[in-house]
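Contents: one structure, followed by commentary.
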Amino acid sequence: MNNNSFTKIFIFIWLFSFLFIFITLISLGAFKEDIDVKNIKDKILEYINEKDTEIYLENQKIEGKEKEIINEIFTGKNYDVSPFQEQVSSTLKDMKGIEIKLKRKNTEISFEIFKNFDCVDSKDSKGNTCDMDDILKISYNGQIKKIKLYVADEANEILKKYWSISQILNK
């Protein structure tokens, strides 16, 4: 057997193996999560317009620089990576939810962002290891979806501020 035949057989086997793995992943729904994340991001972006959108954190309307910073969570403006990461199955244990409403042209969408506000450098106030992720929780196609978000520190400070205010007001 010469090298040319060996090369053809190797390429055929490699291509067949690649296609087999790819088709298996598709049939198992491996790429569905990415599609759901993209569709949820697109749905939220329908409500985002810097001038027309009203943003409410815990039913408190925000404006100015705070509105601009929260807007960036969803648009990705001034972020090096997409804020929308991946679906997760997190239990949201020890995390606090902050309700967010986006209103535009007489329609609105609401969801929550969960965060462990007591967690700093992966440690809580008692020194225990904690989860520093930001998780977006939204109803989509009749199911609750949880998506890991990348949220800049400045935006997290605003979320924490409005979550803290809501805790004081609800006492």
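The values are calculated or read from the model by the stated rules, or taken from the named source; none is laboratory data. If you're wondering where the values come from, they're calculated on a predicted model, not measured in any experiment. Quick reminder, even Gly has a Cβ in these numbers, built from the backbone with ideal geometry, and neighbours come from all protein chains shown.
Some notes on this structure:
- Answer from Lys67, Lys61 - the residue that is of a type in the set (Lys, Arg), modelled with pLDDT of 90 or more and buried (at least 16 other Cβ atoms within 10 Å of the Cβ): Lys67
- Out of Ile109, Ile98, Ile158, sole residue that is in contact (Cβ under 8 Å) with a residue 12 or more places away in the chain, assigned to a helix (DSSP H, G or I) and either surrounded by 14 or more Cβ atoms within 10 Å (Cβ to Cβ) or of a type in the set (Val, Ile, Thr) (or both): Ile158
- Matching option when the condition is small (Gly, Ala, Ser), free of Cβ contacts under 8 Å to residues at least 60 places away in the same chain and either assigned by TED's automatic domain parsing to the domain that holds Lys65 or assigned to a helix (DSSP H, G or I) (or both), among Ser166, Ser82, Ser125: Ser125
- The condition of being over 23 Å from Tyr162 (Cβ atoms), surrounded by fewer than 11 Cβ atoms within 10 Å (Cβ to Cβ) and not hydroxyl-bearing (Ser, Thr, Tyr) does not hold for Asn128.
- Ser82 modelled with pLDDT under 85, among the hydroxyl-bearing types (Ser, Thr, Tyr), closer than 29 Å to Leu169 by Cβ and out of contact with any strand residue (DSSP E or B) (no Cβ under 9 Å at 6 or more places or on another chain): no
- Tallying residues that are surrounded by fewer than 17 Cβ atoms within 10 Å (Cβ to Cβ) and within 16 Å of Ile70 (Cα to Cα) within the stretch 162-171 yields 0.
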